[in-house]
Amino acid sequence: MNILYERLILILLVLVLLVMTWCMYDSYYVYSHALNDDILKYKPGQSDISPEDPPLSDDMVAWITLDGTNIDYPVMQGRDNVKYLNTDPFGKYSLSGSIFLDFRNSPDLSDDYSLLYGHHMEYGKMFGALDDYLDRSYLKDHSTGTLMIGKDGAKKYKLTVFASMRASNREEVVFDPGKGDIRGFIKQHNQVYTQDPKGRILALSTCAEGDFVSRTIVFCYIT
């Protein structure tokens, strides 16, 4: 009986070790396959791309940069909001996915309210940097950025971050572009708010750490 008990304990410990090993590998795999600085060679205006470099997908609609952060990425748009959850900007499968525009928005981001999504990655990768914007002083110090439309970046706009919040992913005003008064919602529910928007609004959304329902959202206006 004691031998059987010891064997069961040993099997249990081995299973726990295997699960822990898998979790560590999974975290490493996702992080190591997140977009690195090499993606910057594709930024409009750069000339470092060689003939051997793979082309970005034709689904690229813009490039977003928030100054002083790791957010400096191409923006993709699919026929739905599922494709680029696990597809990189080259059109290949990737657990870290891409930064992508809501499929209901105009690809030239000319809507009064546009919405971007990105995974919450460690070390500020992808949209992992958005958490910092819940701090008012950080937001004030990192409130500028640029938005370039199209692969060639023919149209370039200034971004100004003006608000941030945590909100449920069930908030239709936020997550159904064009439905409801987004400006009124921001004023009423923001956690950090510095000024009224002076142009079209662009929201950046990512999962709140350790919460399947809440989202961290940063709002910019486009001028």
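Tell me the relative contact order for the stretch 161-211 as a rounded percent, counting alpha carbon contacts under 8 Å between residues six or more apart. Walk me through the numbers before you get to the answer.
Working: 34 pairs, mean separation 22.8, N = 51.
Computed over the stretch 161-211, the figure is 45 percent.
Too long at a 26 Å Cα-Cα cut-off: which of 83/158; 83/179; 83/198?
83/158; 83/198
With a point put 7 Å past each Cα toward its Cβ, work out how far residue 188 is from residue 214 in nm, to one decimal.
Taking the two extended label points, one gets 2.1 nm.
On the accessible surface of the stretch 102-223, probed at 1.4 Å, how many percent belong to carbon and sulfur atoms?
47
Taking 0.36 nm per intervening residue step and subtracting the Cα-Cα distance, what contour gain separates residue 112 from residue 181 on full extension?
Once the chain is fully extended between residue 112 and residue 181, it gains 23.8 nm.
Given R₀ = 35 Å, what would the calculated FRET efficiency be for residue 198 paired with residue 43, taking r from the Cβ atoms and rounding to 0.05?
Using R0 = 35 Å, I get an efficiency of 0.85.
Under unit Cβ charges (Lys, Arg +1; Asp, Glu -1), what dipole magnitude, rounded to 20 debye, does the stretch 122-223 have relative to its Cα centre? Walk me through the numbers before you get to the answer.
Details: 15 positive and 13 negative charges, 106 e Å.
In total the dipole reaches around 500 debye.
In Å², and per residue, what accessible area does the stretch 95-217 have when probed at 1.4 Å with the other protein chains present?
Heavy-atom accessible area per residue stands at 46 Å².
What are the residues whose amide H is under 5 Å from the amide H of residue 155, where those residues sit 5 or more places off or on another chain and H is modelled from the backbone?
HN-HN under 5 Å from residue 155: 149.
The values are calculated or read from the model by the stated rules, or taken from the named source; none is laboratory data. Keep in mind it's a predicted model, so treat the numbers as computed, not measured. Every residue, glycine among them, receives a Cβ derived from its backbone with ideal geometry; neighbour counts consider all protein chains shown. Side chains are part of the model used for accessible areas, which takes the heavy atoms of the whole protein and leaves out ligands, DNA and RNA. Shrake-Rupley method; radii C 1.70, N 1.55, O 1.52, S 1.80 Å.
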